[in-house]
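S.K.: Pasting in a structure now, in structure tokens, and then I'll have a few things to ask.
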Amino acid sequence: MKKLMFKIFLFSFPIFLIGCKSTNHCDELYFLMKEQEDSWNYGSIDDFMNIYWKNDSLIFIGKSGINYGWDKTIKNYKNSYKTKEQMGTLKFKNIICNPINDSTHIVTGKWSLKRNDSIGNLSGFYSLLWIKKQTGWKITYDHTS
């Protein structure tokens, strides 16, 4: 009986590992965030928003509360940062990337915005839910403080 149980274990354990394996796409997401950072620093909110899911179900949580939709999110960014001077220089520091499965990852980190002394610097933290869509990796949920 013990030999039979051992053979079942040896046969099923690799199948279990294959079923639980997920691919880590963190480097790919970090690259996209670097592109997003560059877009911001160039002064293009439109390009910055390209990695967000362009859908009414996008969720963005920030200091003003919960906002729904890509259109609302880009409108808020453009209202808050009307000039390149107000946008300053953005820097992301990714701290944790958690693959949930092959098509879903959570990235948590710190952001900082360096601006002229008269405007003041800003910083905070973020948690981003990335989901692989037909159009590529997209942020579908952003909680930024």
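S.K.: Calculate the length of the line joining the C-alpha centroid of segment 110-143 to that of segment 27-47, in whole Å.
M.R.: Each part reduced to its Cα centre gives a spacing of 10 Å.
S.K.: First select every other residue whose beta carbon is under 14 angstrom from the beta carbon of Phe125; then total the charges, Lys and Arg +1, Asp and Glu -1.
M.R.: That sum, taken over residues with Cβ under 14 Å, equals +3.
S.K.: Once label points are set 7 Å from the Cα along Cα→Cβ at both Lys91 and Asn67, what is their separation, rounded to one decimal in nm?
M.R.: The modelled label-to-label distance comes out at 2.5 nm.
S.K.: Right, another one. Mark the label point 7 Å from the Cα of Asp102 along Cα→Cβ and return the residues of segment 128-145 whose backbone N is within less than 17 Å of it.
M.R.: Label zone hits: 131-138.
S.K.: Another question, then. How much length is gained on full extension from Phe31 to Asp117, taking 0.36 nm per residue of separation minus their Cα-Cα distance?
M.R.: Answer, rounded to one decimal: 28.0 nm.
S.K.: Tell me the net charge near Asp142. Cut-off is 13 Å between Cβ atoms, Asp142 excluded, with +1 for each Lys or Arg and -1 for each Asp or Glu.
M.R.: Surrounding charge for Asp142 is +3.
None of the figures in this text is laboratory data; all of them are computed from the coordinates on show. Quantities reported herein were computed from a predicted structural model and do not represent experimental measurements. Positions of Cβ are generated from backbone atoms using ideal geometry, with glycine treated the same way; all protein chains shown enter the neighbour counts.
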